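Chemist: After the structure tokens below, expect a handful of questions from me.
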Amino acid sequence: MEVTTPLSDALNRYLDLTSEQMKLTASNMANVDTPGYRATGFDFEQAFAREMNSSPDANFSAGEPVVEVDGLVSRPDGNDVSMDREGMQLAKSQLQFRLGVELLKQQFTNVMDAIHAEAK
């Protein structure tokens, strides 16, 4: 038996997107010295809104539309990865992930409290 709520489903999708964002950031950081590499990313807010507007029964659509990040300065070798930008992006993603985990834990606590309400 699976116990989920609309909020827990939304939080699962939120965590999946945050995880995808961290993977892209890690990839950008790993390629900081690759000549010609262009930093990539996706619009988190837009992707999350799209996930929330999709069917509740739809599976998470891994592989968000990844695009090259605009406005970055390229080095002479053509690489435009900024470790400062990527470090900030990673910190933001980590905070988003921690928030999602805490909210999901609270949801499960509420469900468990409801299940055990009669025992009290």
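The values are calculated or read from the model by the stated rules, or taken from the named source; none is laboratory data. Keep in mind that what you see is a predicted model, and the values were worked out from it rather than measured. Neighbour counts run over all protein chains shown; Cβ positions are idealised from the backbone, glycine included.
Chemist: Could you list, in sequence order, all residues of region 67-112 that are touching a residue at least 24 places away in the same chain (Cβ under 8 Å) and within 13 Å of the chain's Cα centre (by Cα)?
Modeler: 89, 90, 93, 94, 96, 97, 100, 101
Chemist: For region 19-29, how many residues meet the condition of being hydroxyl-bearing (Ser, Thr, Tyr) and buried (at least 17 other Cβ atoms within 10 Å of the Cβ)?
Modeler: 1
Chemist: Right, next: Can you tell me how many residues in region 1-24 are in a loop (DSSP other than H, G, I, E, B) and free of Cβ contacts under 8 Å to residues at least 40 places away in the same chain?
Modeler: Count: 3.
Chemist: Here's something else I'd like to know. Which residue is modelled with the lowest pLDDT, if the candidates are limited to region 94-115 and must be over 30 Å from residue 26 (Cβ atoms) and not hydroxyl-bearing (Ser, Thr, Tyr)?
Modeler: Here the residue is 111.
Chemist: Scan region 25-54 for residues that are of a type in the set (Gly, Ala, Ser), closer than 21 Å to residue 9 by Cα, part of a helix (DSSP H, G or I) and free of Cβ contacts under 8 Å to residues at least 24 places away in the same chain and report the count.
Modeler: At the first step, the residues of region 25-54 found to be of a type in the set (Gly, Ala, Ser) are 26-27, 30, 36, 39, 41, 47, 49, 54.
Add one more test, that the residue is closer than 21 Å to residue 9 by Cα, and what stays is 47, 49, 54.
In the following step, the residues that additionally are part of a helix (DSSP H, G or I) were identified as 47, 49.
Retained after the next criterion (residues that are free of Cβ contacts under 8 Å to residues at least 24 places away in the same chain): 49.
Residues meeting the conditions: 1.
Chemist: Can you tell me which residue within region 30-50, out of those that are among the polar types (S, T, N, Q) and closer than 30 Å to residue 76 by Cβ, is surrounded by the fewest Cβ atoms within 10 Å (Cβ to Cβ)?
Modeler: Result: 34.
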